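The values are calculated or read from the model by the stated rules, or taken from the named source; none is laboratory data. Note that the structure is predicted; figures quoted are calculated from it, not measured. Using ideal geometry, Cβ is built from the backbone for each residue, glycine included, and neighbour counts are taken over all protein chains shown. Each accessible area value is taken on the protein alone, full model and side chains, heavy atoms only, with ligands, DNA and RNA left out. Shrake-Rupley method; radii C 1.70, N 1.55, O 1.52, S 1.80 Å.
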Amino acid sequence: MLEIIKEPWPWYVAGPLIGLTVPILLIIGNKSFGISSSLRHICAACIPANISFFKYDWKKESWNLFFVLGIFLGGFITAHFLSNPNPIEIAPELSEKLATYGITDHSGLVPAQLFSWESLLTFRGFIMIVVGGFLVGFGTRYAGGCTSGHAIMGLSNLQWPSLVATICFMIGGFVMALLILPYILSL
């Protein structure tokens with residue numbers, strides 16, 4: 001059983017399990033699924049400021065904080081006790097293409113040449129980590145939620161804004177991967 005947990009799960013198993021969180025949350029407590037709102041709850045709880053955006057009863061949404069804590073603990077347990085010791089398998093064509101950009105370490109979940117403390121001090125690393133993080137946060141706030149909230153919860157509830165946001169997320173991802181990322185990696 002432990003070996004099954006350590007291996008990557010196929011999409012037809014993992015996808016429905018993720019999708020089942022929506023009806024479970026709706027049936028159990030009429031709660032909506034989304035991760036980015038937890039940052040707002042943390043700020044409302046920890047920063048006593050006179051900002052209207054943080055003036056609400058965050059305690060009603062404390063379940064969301066426990067949900068995010070569970071995600072964090074699950075990730076920690078998986079990374080430290082259930083991780084697959086084999087290197088990440090990527091297509092040989094992709095490996096060759098990444099090697100032209102100086103990315104050759106595929107031993108972790110993300111390339112160490114891009115995501116490490118040493119790379120943060122480079123121009124390319126700063127763009128990837130800091131600017132990329134800012135853009136993700138800005139986009140999440142501008143779109144009124146993250147990909148999990150819109151693509152999983154919003155689409156299952158047939159919400160038009162979530163469909164628009166998800167389409168924009170996909171277009172932005174394609175533009176980034178095909179047009180912008182090769183330029184950044186060549187820096």
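Observations on the structure shown:
- Where the stretch 71-116 is the region considered: accessible area per residue in Å², 1.4 Å probe: 74 Å²
- The accessible area of Ser62, taken with all protein chains in place and a 1.4 Å probe, comes to roughly 40 Å².
- Option label - percent of Cα pairs over 28 Å apart computed here, alternatives (1) 29; (2) 32; (3) 41: (3)
- Residue-averaged [θ]222 nm for the chain, counting only DSSP H segments that reach four residues, each worth -39500 (n - 2.57): -16000 deg cm²/dmol
- Under the span-like rule (Cα at least 15 Å along the axis, Kyte-Doolittle mean at least 0.0), DSSP H helices of the chain: 62-81, 132-143, 160-175
- Applied to the stretch 47-61, the Karplus parametrisation 6.51 cos²θ - 1.76 cosθ + 1.60 on θ = phi - 60° returns per-residue 3J(HN,Hα) values of 10, x, 10, 9, 10, 4, 4, 9, 8, 7, 7, 5, 5, 5, 9 Hz, with x for Gly and Pro.
- Between the beta carbons of Leu158 and Asn30, assuming R0 = 25 Å, the FRET efficiency works out to 0.90 to the nearest 0.05.
- Reach of Lys97 by Cα under 14 Å, taken over aspartates and glutamates that are not fewer than 8 positions away in the same chain: Asp105
- Neighbour cut-off at most 14 other Cβ (10 Å), DSSP loop, GluC sites (Glu not before Pro), the stretch 80-185: Glu89
- Protein-only accessible surface order, largest first, of His106, His80 at 1.4 Å: His80, His106
- Residue of Met176, Met128, Met153 that the Gaussian network model of the chain assigns the largest fluctuation, springs spanning Cα pairs under 10 Å: Met176
- Straight-distance crosslink candidates among lysines, where the alpha carbon sits under 25 Å from Lys60 and sequence neighbours closer than 8 are dropped: Lys31
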